[in-house]
Amino acid sequence: MPINILMPALSPTMEKGNLAKWLKKEGDKVKSGDVIAEIETDKATMEVEAVDEGTIAKILVPEGTQDVAVNDVIAVLAGDGEDVKAAGAAAASAPKAAAPAAEAPKAAPTPAPAAPAKAAPPAAAAPAPQAVPAQQTNGHARIFSSPLARRLAKEAGIELGRINGSGPHGRIVARDVEEAKSGKGLKAPAAAPGAPSIAPSMSDKQILALFEPGSYEVIPHDGMRRTIAQRLTASVQTVPHFYLTMDCDIGKLLAAREEINAAAPKDKEKKPLYKLSVNDFVIKAMAIALQRIPNTNVSWTEAGMLKHKHSDIGVAVAMPGGLITPIIRKAETKSLSTISSEMKDFAARARARKLKPEEYQGGTTAVSNLGMYGIKDFTAVINPPHATILAVGTSEERAVVRNGKIEAAHIMSVTLSCDHRAVDGALGAELIGAFKMLIENPVMMMV
């Protein structure tokens, strides 16, 4: 019997991917473990391995195809002894399902809506702009949705209550979430009681009308830019941020860095085996600070607080079209030279989109450093499930007062963003204070 090759889910949050390249063609024999294709996600380009043996009878999704949904059939494999041509012809003529199989009812029928408190007037039977959706009863939002739709909406950071359902009785199904992700069918967010009304975002049509035709170029969003927009919008809307800023005197750090780099061992070509950056010290200091203030090394969940044993530090790396945060695992246990080597490798592979999902997903906090761009200070948006993120500005000579005298010092401003659900003000102050002590006295990182 022919075997379907499906679009794989290369990460827990992947919904679609681009089929960048086929490495096998129709008629080629493959065995388990053979690399057959390259898939582009919003973050990386990854190889796909065959899990079965056979002959590729038909390629259903040509290379270069974008936005292929996870679990879509992309090719058909004929097993040993099967007629390859017959399997290919059958695959080519097979109709595509109108909706994802996960949407088909399996265990339980679609729940009927609760009875309204009052009988609806006759006009309510006809669709009208002011009609109350079937999802709401007794003055409270009771939202009917499929399990898949709920999962997709959660991953996309979209409130179910803002999605118009097209299923039976206004039930929200997966296709409604997909439309909502592109901005279609979304309701304006409900205002809190007593809160001032906020105008909904402008539509594409309204924005384009403000500019003269031909005076702009429309550049479609790629998967990475859409994902960044969705995750950070969800973060700002759902995570109560607060910010703590400190100035750090890094004179001792700069002197130590220069001395360590000068003493670095050389390879056969007389090149140093490592060259520490200020950011390497920042990563190490943040990792140790989290260990010293363990109640800040946490992640918020509705069921309880996750208290992490290790400091897994995500580090923002700019790349074409967006950014990614590869993670230095167990950073508190690693030397500065090891952190430096790992970051150089991560940065190079991130820009080439060659990172594996396990190398950039998770982490317990993150560091975003814009100092190399001359930025003095800024605030960063928390990337859930992190509870904190450290924004690092440039190092510059500033006038400071010491013992009643004005002196020049190398000062670096840092701002800690905190999730107030998980980290209170005093606790956040302890964390940034511990970081300041370490970054100002780098010898303490060696103890």
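The values are calculated or read from the model by the stated rules, or taken from the named source; none is laboratory data. Keep in mind that what you see is a predicted model, and the values were worked out from it rather than measured. Counting neighbours? That spans all protein chains shown, and the Cβs are built from the backbone with ideal geometry, glycine included. Surface accessibility is based on the protein's heavy atoms, side chains included, excluding ligands, DNA and RNA. Shrake-Rupley method; radii C 1.70, N 1.55, O 1.52, S 1.80 Å.
How large, in Å, is region 193-312 by the Kirkwood hydrodynamic radius built from its alpha-carbon pairs? If you can, show how the numbers build up before the last one.
On the way: mean 1/r = 0.0481 Å⁻¹.
Hydrodynamic radius (Kirkwood, Cα only) of region 193-312 equals 20.8 Å.
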- Expected sort for 166-176, 17-27 on mean C-beta neighbours within 10 Å, highest first, is 166-176, 17-27
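For region 224-274, which GluC sites (Glu not before Pro) are in a loop by DSSP, counting at most 10 other Cβ atoms within 10 Å? Mind showing how you got there, number by number?
Numbers: sites: Glu258, Glu259, Glu269; in loops: Glu269.
Taking region 224-274 and a limit of 10 other Cβ atoms within 10 Å, the loop GluC sites (Glu not before Pro) found are Glu269.
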- Task: Can you spot the aspartates and glutamates whose alpha carbon is less than 20 Å from Lys85's alpha carbon? Ignore those fewer than 8 places along the same chain.
- Result: Glu26, Asp28, Asp52, Glu53
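Per Stokes-Einstein, at 20 °C and 1.002 mPa s, what whole-number D in µm² s⁻¹ belongs to region 311-447, with the Kirkwood radius over Cα pairs as the hydrodynamic radius?
On the way: Rh = 16.4 Å.
D = 130 µm²/s.
Averaged per residue, what accessible surface does region 256-295 expose to a 1.4 Å probe, in Å²?
On the way: 2290 Å² over 40 residues.
Per residue, region 256-295 has an accessible area of 57 Å².
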- Calc'd 3J(HN,Hα), region 228-245, phi into Karplus 6.51 cos²θ - 1.76 cosθ + 1.60 (θ = phi - 60°), Hz, glycine/Pro = x, comes to 4, 4, 5, 5, 6, 4, 4, 5, 5, 6, 10, 9, x, 7, 9, 10, 10, 10
- Item | Principal axis box of region 262-351, alpha-carbon based, largest edge first, Å | 55, 35, 17
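How big is the charge dipole of region 20-89 about its Cα centre, in debye rounded to the nearest 20, if each Lys and Arg gets +1 on its Cβ and each Asp and Glu gets -1 on its Cβ? Intermediate values should be presented prior to the final figure.
On the way: 8 positive and 16 negative charges, 39 e Å.
Around 180 debye, computed over region 20-89.
Of Lys376/Lys436; Lys270/Lys354; Lys356/Lys376, which ones are farther than 26 Å apart at the Cα? Each step should come with its number before you reach the end.
Values: Lys376/Lys436 17 Å; Lys270/Lys354 29 Å; Lys356/Lys376 33 Å.
Over 26 Å Cα-Cα: Lys270/Lys354; Lys356/Lys376.
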- Item | Euclidean distance of C-alpha centroids, region 17-52 and region 225-285, integer Å | 36
- Task: Step through the residues of region 71-77 one at a time and calculate ³J(HN,Hα) from phi using the Karplus curve (6.51 cos²θ - 1.76 cosθ + 1.60, θ = phi - 60°), rounding each to whole Hz and writing x for Gly and Pro.
- Result: 6, 5, 6, 9, 6, 10, 10
- Just list whichever of Lys21/Lys275; Lys58/Lys154; Lys43/Lys344; Lys29/Lys344 have alpha carbons separated by over 27 Å in the model shown. Lys21/Lys275; Lys58/Lys154; Lys29/Lys344
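Region 222-290: D in µm²/s via Stokes-Einstein (Kirkwood Rh, Cα pairs, 4 °C, 1.567 mPa s)? Provide the component values of the computation, followed by the final result.
Working: Rh = 16.1 Å.
Translational diffusion coefficient: 81 µm²/s.
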- Please name which of Leu273, Ala285, Thr296 has its Cα lying farthest along the dipole of region 263-315 towards the positive end, using unit charges on Cβ (Lys, Arg +1; Asp, Glu -1) and the Cα centre as origin. Leu273
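Give the value in nm², to one decimal: projected area of the alpha carbon convex hull of region 1-91, averaged over all directions. Could you put the intermediate results ahead of the total?
Values: hull surface 21.1 nm².
About 5.3 nm², averaged over all directions.
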- Note on the structure: In region 406-447 the accessible area split gives carbon plus sulfur, as whole percent at 1.4 Å, a share of 64
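With a 1.4 Å probe and all protein chains left in place, how much of the accessible area of region 313-370 comes from carbon and sulfur atoms, in whole percent?
59
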